[in-house]
1. For segment 4-54, count the residues as N, evaluate 2.2 N^0.38 Å, and divide the Cα radius of gyration by that value, please.
2. Return a whole-number percent for the relative contact order of segment 2-130, with Cα pairs under 8 Å and 6 or more residues apart as the contact set.
3. How big is D for segment 1-106, in µm² s⁻¹ as a whole number, if Stokes-Einstein is applied with the Kirkwood radius of its Cα pairs at 37 °C and 0.692 mPa s?
4. Starting from the Kirkwood radius over alpha-carbon pairs of segment 83-135, derive D by Stokes-Einstein at 4 °C in a medium of 1.567 mPa s and give it in µm² s⁻¹.
5. Starting with the highest mean, order 14-25, 93-104 by the number of other Cβ atoms within 10 Å, averaged over the residues of each peptide.
6. Please give the peptides 38-46, 105-113, 73-81 ranked by average Cβ packing (other Cβ atoms within 10 Å per residue), highest first, as a rough proxy for protection.
């Protein structure tokens, strides 16, 4: 009987939004001023490519926008799309940064992926792009 339920499972509206997620940007309201935008995403999840176990992290994004600014709901949906993806910590952090750079072309961007401890190991990946300006 449970297999009948899974066959008839229609994705919920949130699942559909995640499947359709696109990074959306809007025009920088002040492109002539150097300023920083800081975003924390405390519920990042993906799956370990070796064990299949879930990995949990806090993502901290800081960036100085160029001509475009990232729209927050689109980032949330994009990040949620990793929830069932089997990917290493390092690959996830680099792919996320690459996708964000491609979407908004920032002057400078840094991503910190702070993964929860598992098996007495704590991993933090910090990567950046561009040159940071003084604000």
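1. 1.88
2. 27 percent
3. 212 µm²/s
4. It comes out at roughly 104 µm²/s.
5. Ranking, from highest mean packing down: 93-104, 14-25.
6. Going from most to least packed, we get 105-113, 73-81, 38-46.
Every read-out reported here was derived from the displayed coordinates using simple, explicitly stated rules and does not represent laboratory data. No experiment lies behind these values; they were computed from the predicted model shown. In this analysis, Cβ positions are derived from the backbone assuming ideal geometry, glycine residues included, and neighbour counts consider all displayed protein chains.
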